[in-house]
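Everything on this sheet refers to the single structure shown next.
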Amino acid sequence: MNRKEYKKTLHQLQIELVKLQNHIIKHNDKILIIFEGRDAGGKDGTIKRITQYLSPRETRTVALGKPSDRDNSSWYFQRYAAHLPSTQEMVLFNRSWYNRAGVERVMGFCTDEQYHEFLETVPDFEQMLIRSGIKLLKYYLDISRDEQKKRLEDREQNPLKQWKSSPIDKAATKYWDEYSLARNIMLARTHHINAPWTVVRADDKQSARINVIKDMLFRLDYKNKNEKLILPDANIVFNYDEGYLQNGMIAP
């Protein structure tokens, strides 16, 4: 879609998000949305469009930094549990406990034992959250190698985006294949019926943002849905399946 169509559709979807938030508040819902993906995958921009017109009292974005010594000596999920939603809240994690299956694994920030323990226990942890009444959505924003390289170079050159650059970013393209393997294992091991992974083809930022919001609205309950508006494009956003690793739907 062109820029004018994008802005119009985004505005309409943001109205639907306000409807959703009103429903969440009225019904004491607890919504947790996880955003994962490669460096420069578009998580920041997508979250910004979702939260732009929502009440800051009932909407929180969580983007945790490097773990402290205390974090490293605690139960792995402990520092994330402190940020889980209470009633009437929607919380968006800009990266999450899945750091252990991605950057920590690739960059050697965790041991093999810690990594395998995570893969074994995270489905049970998420099942506990769901049983407690939390509605959990998990999105993986997937981009191609060329697109990542272009975006990371733009970060370096754009003075308004340099705050996003980090040593981890600089290693992203170098360890592309290692990150691909870690992603594939993570999706296969942690995709389960109660908390499935939704993959987003995010080379086109505008299309990715629009379809993530549509998918959220499609999956969550609220009154007076604009059903025609919120139907996502199945070529852009889709539930993970191993076959998509073979047919190019997920970047190699």
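Check Val106, Val91 and return the single one that is assigned to a strand (DSSP E or B) and buried (at least 16 other Cβ atoms within 10 Å of the Cβ).
Details: Val106 fails: assigned to a strand (DSSP E or B).
Of Val106, Val91, the one residue that is assigned to a strand (DSSP E or B) and buried (at least 16 other Cβ atoms within 10 Å of the Cβ) is Val91.
Count, please, the residues in the stretch 77-88 that happen to be in a loop (DSSP other than H, G, I, E, B), surrounded by 12 or more Cβ atoms within 10 Å (Cβ to Cβ) and hydroxyl-bearing (Ser, Thr, Tyr). Outline the logic, then answer.
Pass one, the stretch 77-88, residues in a loop (DSSP other than H, G, I, E, B): 77, 82-88.
With surrounded by 12 or more Cβ atoms within 10 Å (Cβ to Cβ) added as a condition, the list becomes 77, 83-85, 87-88.
Filter once more, keeping what is hydroxyl-bearing (Ser, Thr, Tyr): 87.
Residues flagged as in a loop (DSSP other than H, G, I, E, B), surrounded by 12 or more Cβ atoms within 10 Å (Cβ to Cβ) and hydroxyl-bearing (Ser, Thr, Tyr) within the stretch 77-88 amount to 1.
Which residue is modelled with the lowest pLDDT, if the candidates are limited to the stretch 153-190 and must be of a type in the set (A, V, I, L, M, F, W, C) and over 22 Å from Gly108 (Cα atoms)?
Here is the first cut: in the stretch 153-190, the residues of a type in the set (A, V, I, L, M, F, W, C) are 160, 163, 168, 171-172, 176, 181-182, 185-188.
From what is left, the residues that are over 22 Å from Gly108 (Cα atoms) are 160, 163.
Numbers: Leu160: 83, Trp163: 77.
Within the stretch 153-190, the match that is modelled with the lowest pLDDT is Trp163.
Pairs please, first residue from the stretch 123-139 and in contact (Cβ under 8 Å) with a residue 60 or more places away in the chain, second anywhere and polar (S, T, N, Q) and part of a strand (DSSP E or B), Cβ atoms under 8 Å, 6+ apart in sequence or on different chains.
Leu137/Thr198; Lys138/Thr198; Tyr139/Thr198
Name the residue that is modelled with the lowest pLDDT, counting only residues in the stretch 30-78 that are acidic (Asp, Glu) and under 27 Å from Arg155 (Cα atoms).
Looking only at the stretch 30-78, we keep the residues that are acidic (Asp, Glu), and these are 36, 39, 44, 58, 69, 71.
From the residues that got through so far, the ones that are under 27 Å from Arg155 (Cα atoms) too are 36, 39, 44.
Details: Glu36: 98, Asp39: 94, Asp44: 97.
So, considering only residues that are acidic (Asp, Glu) and under 27 Å from Arg155 (Cα atoms), the one modelled with the lowest pLDDT is Asp39.
Any idea which of (1) open to solvent by 20 Å² or more (accessible area, probe 1.4 Å); (2) within 19 Å of Tyr139 (Cα to Cα) is the one Ser68 doesn't satisfy?
(2)
Could you tell me which residue of the stretch 1-30 is most open to solvent (accessible area, probe 1.4 Å), considering only residues that are outside any helix (DSSP H, G or I) and either under 19 Å from Asn226 (Cβ atoms) or among the basic types (Lys, Arg) (or both)?
Just the residues of the stretch 1-30 that are outside any helix (DSSP H, G or I), to begin with: 1-2, 27-30.
The next check asks that each one be either under 19 Å from Asn226 (Cβ atoms) or among the basic types (Lys, Arg) (or both); those that pass are 1, 30.
Values: Met1: 127, Lys30: 41 Å².
It comes out as Met1.
Would you mention how many residues in the stretch 143-166 are open to solvent by 40 Å² or more (accessible area, probe 1.4 Å), outside any loop (DSSP other than H, G, I, E, B) and of a type in the set (A, V, I, L, M, F, W, C)?
Final tally of qualifying residues: 1.
Which residue out of Asp233, Asp203 is open to solvent by 60 Å² or more (accessible area, probe 1.4 Å), assigned to a loop (DSSP other than H, G, I, E, B), closer than 28 Å to Val103 by Cβ and at pLDDT 95 or above? Reasoning before the result, please.
Details: Asp233 fails: closer than 28 Å to Val103 by Cβ.
So the residue among Asp233, Asp203 that is open to solvent by 60 Å² or more (accessible area, probe 1.4 Å), assigned to a loop (DSSP other than H, G, I, E, B), closer than 28 Å to Val103 by Cβ and at pLDDT 95 or above is Asp203.
Of the conditions (1) under 29 Å from Ile168 (Cβ atoms); (2) surrounded by 17 or more Cβ atoms within 10 Å (Cβ to Cβ), Ser74 fails just one. Which one is it?
Just one mismatch for Ser74, condition (2).
Return the only residue of Trp176, Trp197 being touching a Phe, Trp or Tyr at 6+ places or on another chain (Cβ under 7 Å) and farther than 22 Å from Tyr6 by Cα. If you could, list the steps in order and put the result at the bottom.
Numbers: Trp176 fails: touching a Phe, Trp or Tyr at 6+ places or on another chain (Cβ under 7 Å).
Only one candidate passes the filter, namely Trp197.
The values are calculated or read from the model by the stated rules, or taken from the named source; none is laboratory data. Keep in mind it's a predicted model, so treat the numbers as computed, not measured. FYI the Cβ positions are ideal-geometry reconstructions off the backbone, even for glycines, and counts take in every protein chain you see. Just the protein is used for accessible areas: all its heavy atoms, side chains included, with ligands, DNA and RNA removed. Shrake-Rupley method; radii C 1.70, N 1.55, O 1.52, S 1.80 Å.
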